[in-house]
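Written below as structure tokens is the structure these notes are about.
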Amino acid sequence: MTNGLSGSSSSRTVAIANGRAYFIGSSLYCVDLATHTNAWAVNGGFNYTPAVANGIVYAISNKVVTAVTTNGIFVRQYDPNPGGYENLSGPLIVTDDVLITTGSYGVYIFRLADGSVQQQISSYSGPPYYLYYGDTVSLANNTLYVTSTDGYVYAYGATPTTDTRLSSPARLGNGSFQFSFTNIPGATFRVWATTNLTPPSSNWTMLGYLTNSSAGQYQFTDPQAANLARRFYCITSP
């Protein structure tokens, strides 16, 4: 197999999942570990070390993070400021709902579903944050650890959400169903639905994500409800 490895690319680590290895050489490569052959390769100015999670491969390409399926099909890019000054450099941490990486101007937390920046921990936030190019991040026990150029390691915990009761239910003129609720500002919630409460919660369907429409105020509209006689909803975070 030909992987175009040379220089610094030959010393990088790889991401492995389901019998395949993903790594950066002259391109982003996928190798079948059983047959020792290239499954596919994607060009695009890739660098650093990729990550794979939930059937998606994430790699830094031309200063942003590019996501492709495990078959090499483009999904989306994660860019903190399109066309701007930022230069993402990794490492990449992927959870069930966010992508965490670093750049020249701090640490970025992207929502996986749409690539939007949910939070930036930046040197421009003022003391004690001095986060510049080359910082390293690690995630353990729901805590994000960040090294800083001031010589310290900072730990960040997720802000817990409060108990929530869905309110203001309304059937709109087009048949869509809408509800709202209040919670801490800036949180991310998943909306789940079912037409039958008997099966376990694992059988509920995730309808999507929602973020606050204004500080602490959340609203969700379900257009699919127009075709259903009844539907039950719940929300989770993340």
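The values are calculated or read from the model by the stated rules, or taken from the named source; none is laboratory data. As the structure is a prediction and not an experimental result, all values here were calculated from the model. Counting neighbours? That spans all protein chains shown, and the Cβs are built from the backbone with ideal geometry, glycine included. SASA here: full protein model, heavy atoms, side chains in, ligands and nucleic acids out. Shrake-Rupley method; radii C 1.70, N 1.55, O 1.52, S 1.80 Å.
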Which of the residues spanning region 61-72 are over 14 Å from the mean Cα position of the chain (by Cα) and closer than 17 Å to residue 109 by Cα?
-> 63
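Being within 20 Å of the chain's Cα centre (by Cα), modelled with pLDDT of 90 or more, under 17 Å from residue 103 (Cα atoms) and surrounded by 20 or more Cβ atoms within 10 Å (Cβ to Cβ) narrows it down to one of 78, 22, so name that one.
On the way: 22 fails: under 17 Å from residue 103 (Cα atoms).
The conditions single out 78.
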Determine the pairs where a residue that is within 7 Å of residue 92 (Cβ to Cβ) and among the hydrophobic types (A, V, I, L, M, F, W, C), located within region 45-59, has a partner that is at pLDDT 90 or above and in a strand (DSSP E or B) with Cβ atoms under 8 Å apart, the partner being 6 or more residues away or on another chain.
-> 51/15; 51/57; 51/58; 51/59; 51/93; 51/94
Only one residue in 220, 177 is touching a helix residue (DSSP H, G or I) at 6+ places or on another chain (Cβ under 8 Å) and at pLDDT 90 or above. Which one?
-> 177
Residue 122 vs. criteria under 29 Å from residue 210 (Cβ atoms), modelled with pLDDT under 75 and either open to solvent by less than 70 Å² (accessible area, probe 1.4 Å) or of a type in the set (D, E, K, R) (or both) | yes
Here is a list of conditions, (1) more than 13 Å from the chain's Cα centre (by Cα); (2) of a type outside the set (S, T, N, Q); (3) surrounded by 15 or more Cβ atoms within 10 Å (Cβ to Cβ); (4) at pLDDT 85 or above, and residue 129 meets all of them except one; can you say which number that is?
-> (4)
Selection within region 177-208 - open to solvent by 50 Å² or more (accessible area, probe 1.4 Å) and within 13 Å of residue 235 (Cα to Cα) = 182, 192, 201, 205, 206
Considering only region 25-53, state which residues are at pLDDT 90 or above, small (Gly, Ala, Ser) and open to solvent by 30 Å² or more (accessible area, probe 1.4 Å).
-> 34, 39, 41
Residue 222, sole failed condition from (1) open to solvent by 50 Å² or more (accessible area, probe 1.4 Å); (2) more than 21 Å from the chain's Cα centre (by Cα) | (1)
Any hit, region 54-68, residues being of a type in the set (Gly, Ala, Ser), surrounded by 20 or more Cβ atoms within 10 Å (Cβ to Cβ) and at pLDDT below 90 | no
If you take just the strands (runs of 3 or more DSSP E) that sit entirely in region 135-207, which of them hold at least 2 residues that are closer than 20 Å to residue 99 by Cβ?
-> 137-140, 143-147, 153-157, 188-194
Can you tell me which residues in region 68-100 are touching a Lys or Arg at 6+ places or on another chain (Cβ under 9 Å), under 14 Å from residue 115 (Cα atoms) and in contact (Cβ under 8 Å) with a residue 40 or more places away in the chain?
-> 97, 98, 99
